[in-house]
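The values are calculated or read from the model by the stated rules, or taken from the named source; none is laboratory data. Because the structure is a prediction, the values reported are computed rather than measured. Using ideal geometry, Cβ is built from the backbone for each residue, glycine included, and neighbour counts are taken over all protein chains shown.
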Protein chains: 2
Amino acid sequence: MAKAGAPSKAVANGTGRSAVTRRQLVDAAIATLQLEGYTGTSARSIARRAGLNQGLIFYHFGSVANLLLAALDSVSQERLQRYEAEVSGVTNPSRLVDAAEEIFRNDLKAGYVTVLVEMIAGASSTPGLGPEVSARIQPWRGFAQSAIEAAVGDSPLGSVLPAKDVAHAVVALYLGLELLSHLDGDPGPALALFARAKGLAELLEALTTPSTPKEAP
Amino acid sequence: MAKAGAPSKAVANGTGRSAVTRRQLVDAAIATLQLEGYTGTSARSIARRAGLNQGLIFYHFGSVANLLLAALDSVSQERLQRYEAEVSGVTNPSRLVDAAEEIFRNDLKAGYVTVLVEMIAGASSTPGLGPEVSARIQPWRGFAQSAIEAAVGDSPLGSVLPAKDVAHAVVALYLGLELLSHLDGDPGPALALFARAKGLAELLEALTTPSTPKEAP
DNA sequence: GTCTATACTTGGATAGAC
DNA sequence: GTCTATCCAAGTATAGAC
């Protein structure tokens, strides 16, 4: 039925020529978003970085916006997968704060969140992009909510501060801290905050499990 | 010494022709940033909205980036002045949360923070813009810190959570919530958060002033 | 001093070559 | 199916008109 050589429909991976070109364009798009911001990310700047003709973007992705969404998907999937493994098994607040700090440091160094932040900001300019980006943030809200529920358990805190609301705040705070750290070129204030959160989490643990005081040395 | 008709050096206000044109361009720049985002904000799009020739931007401001910084200054000064009046005299946490929510609602409706967020995001693309934007956020950190110190006083909470660190978090959270509210076109989750914060603040007040329990009805 | 017409550069998208 | 050469719109900036 299919002609010999007809490309598989597989979008993510593959070894065919098309797949290789697509991968190169996606990688170049990620790097360009990180280094030049949304406004500096054009078909030409991406193609230049990839060493390819800019027309290929329109052949393989239809538009620059579509390529950027593919880039966001690529980064998002990779991160979500890794981080879910990292926080699985975390069942107390202070270790969750540790994990969160580790994630923040890693994201900042690798520039992962920059891609997301630039896309969010760019959504104001590119018609139709908003809902697409919004949908790609949804999994992160769910991830944060699950992690918080697992770490806090069913303590009374959950009733005054529902995990769902806190998860929204955490995602927002995370984006804001990244925004400011990147702008100032100084992650110091953000990292100081994680230290404070750690202290607070330990205090919380001491309060919620008063029947298990510190072991004697 | 000066020729008759030599324009005053006053940048902010004035009734001369130059001042009027500048004002129109600043206002159009604000509106364009809000409605079309950083990428959609070009000399042409601003001038079109103002009904002026785009060359005027370069005559009066030297570059598009300079006009955008003037727009940011205009919005920032107006907001800071108004909000400082609003929180002056607030000396307890729950009323500070009320004020913060009012500010958030107002900002969201008027699109004030959008201007700032777009400029932050755009700073990645435009060389030299980062430090300028960063400097214009500084007053807001100070504003938040003062408000928190005034509301929390010298309670023991201040030692585990210093006002300076909290202020940084508040600014970041504020930007993040604005980012998400705007993206989703739904301020619901953010507003729900203010309600939770209010509950928490009231709880805090009850704990820190246990000698003054609720009056009997 | 103020503004407009024009020059030149970069961007998105496609018709047509391989 | 894959890619390149080319088209036209939109961007910044300025030389010159008023």
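The set of residues in the range A:42-72 that are buried (at least 22 other Cβ atoms within 10 Å of the Cβ) and either farther than 24 Å from A:Ser134 by Cα or within 14 Å of DNA strand D (Cβ to nearest atom) (or both) comprises A:Ile46, A:Ile57, A:Leu67. On the basis of being of a type in the set (A, V, I, L, M), more than 8 Å from every other protein chain (Cβ to nearest Cβ) and under 27 Å from B:Thr209 (Cα atoms), does B:Leu96 make the cut? Taking the combined requirement at face value, the residue satisfies it. One residue alone among A:Leu96, A:Leu80, A:Leu67, A:Leu72 is in contact with a Leu (Cβ under 7 Å, 6 or more places away or on another chain), away from DNA strand C (no atom under 12 Å from the Cβ) and in contact (Cβ under 8 Å) with a residue 40 or more places away in the chain, and that residue is A:Leu72.
Note on the range B:134-192: residues that are crowded, with 19+ Cβ neighbours inside 10 Å, small (Gly, Ala, Ser) and touching a residue at least 24 places away in the same chain (Cβ under 8 Å) amount to 6. You will find that of A:Leu56, A:Leu35, the residue that is modelled with pLDDT of 95 or more and either outside any helix (DSSP H, G or I) or more than 9 Å from DNA strand C (Cβ to nearest atom) (or both) is A:Leu35 and no other. Of the candidates B:Val11, B:Val75, B:Val87, the single residue that is at pLDDT below 95 and more than 13 Å from DNA strand D (Cβ to nearest atom) is B:Val11. Regarding the range A:93-102, can at least one residue be identified that is closer than 27 Å to A:Gly130 by Cα, in a helix (DSSP H, G or I) and of a type outside the set (Phe, Trp, Tyr)? Within the range A:93-102, one or more residues are closer than 27 Å to A:Gly130 by Cα, in a helix (DSSP H, G or I) and of a type outside the set (Phe, Trp, Tyr). For the range A:47-54, check the following and say yes or no: at least one residue is of a type outside the set (A, V, I, L, M, F, W, C) and within 18 Å of A:Ser125 (Cα to Cα). Within the range A:47-54, not a single residue is of a type outside the set (A, V, I, L, M, F, W, C) and within 18 Å of A:Ser125 (Cα to Cα).
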